[in-house]
């Protein structure tokens, strides 16, 4: 997994993600964006998550998520939205040169287009978080190695009425379950970031 945050892998990922930016450039389009935060924890490649505050309104309070939210009028791009929201929620300033690119859009149940933006924050030990307590209950990380182990990932089947509806991935971290659109964004990110020859679970790229 050491290759995940290497300079060579960054170049490979940026090349793979480059075409996706055009999917968000239609004028007048509204969006939300989340920041898929890569980092290193004691040298091990990992992803950073937040546990949403139980005091928030809506159905996603208390869920695991990536920092993010809806577009502001001042946001020119989905990257602007993701970086601004990460600053508001995590209390750290992330510059655009840390961004590797954006994944293809996801859509929530309301039809809102969601842009998962990938950025590498670097060594976690060099960061000083000041999470917004009204939005974030906890910040935690999970290593790439853990996420790619087959016993730590699975699928949740949902019904629509009395019929099968759809299936979404789910990941089990040592502390929390990652599910819903966060798990979908995570699944898509792993397919891009983890070099195929490094994957412990080949099913990740099928």
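Springs join every pair of Cα atoms under 10 Å in this Gaussian network model of the chain, and among 76, 159, 84 the largest mean-square fluctuation is at 159. Volume of the convex hull of region 94-170 (Cα atoms only), normalised per residue: 182 Å³. Entry note, region 85-188: relative contact order of 19 percent, from Cα contacts under 8 Å with a spacing of 6+ residues.
The label point for residue 163 and the one for residue 177, both projected 7 Å from the Cα toward the Cβ, are 2.6 nm apart. Working from Cα pairs under 8 Å separated by at least six residues, relative contact order for the chain is 25 percent.
What FRET efficiency comes out for residue 19 versus residue 112 if R0 is 22 angstrom and r is the Cβ-Cβ distance? Round to the nearest 0.05. Here the calculated transfer efficiency is 0.50. Where a ≥ b ≥ c are the square roots of the eigenvalues of the C-alpha gyration tensor, would you call region 22-135 rounded, which needs a/c under 1.5, or, failing that, prolate if a/b is larger than b/c, or oblate? Oblate, since a/c reaches 1.5 and b/c is not below a/b. Report the residue, chosen from 108, 187, 75, that carries the largest GNM mean-square fluctuation when the chain is represented by alpha-carbon nodes joined by springs under 10 Å. Most flexible of the set in this elastic network: 108. For the pair residue 132 and residue 93, the difference between a 0.36 nm per residue extended length and the Cα-Cα distance amounts to 12.7 nm. The ranking of 164, 24 by Cβ neighbour count inside 10 Å, starting from the fewest, reads 164, 24. For region 136-199, what class follows from the C-alpha gyration tensor (a ≥ b ≥ c being the square roots of its eigenvalues): rounded when a/c is under 1.5, otherwise prolate if a/b is larger than b/c, else oblate? The shape class here is oblate.
Only one of (i) 52, 20, 14; (ii) 25, 24, 15; (iii) 22, 22, 19 was calculated from the structure for semi-axes √(5λ) of the Cα gyration tensor in Å, and its label is (iii). When 63, 72 are arranged by Cβ crowding within 10 Å, least crowded first, meaning fewest neighbours, the order is 72, 63.
Taken together, the values in this text are just the output of simple stated rules run on the coordinates, not laboratory data. All of these numbers come straight from a predicted model, not from anything done at the bench. With ideal geometry, Cβ positions are generated from the backbone for all residues, glycine too; neighbour counts draw on all protein chains shown.
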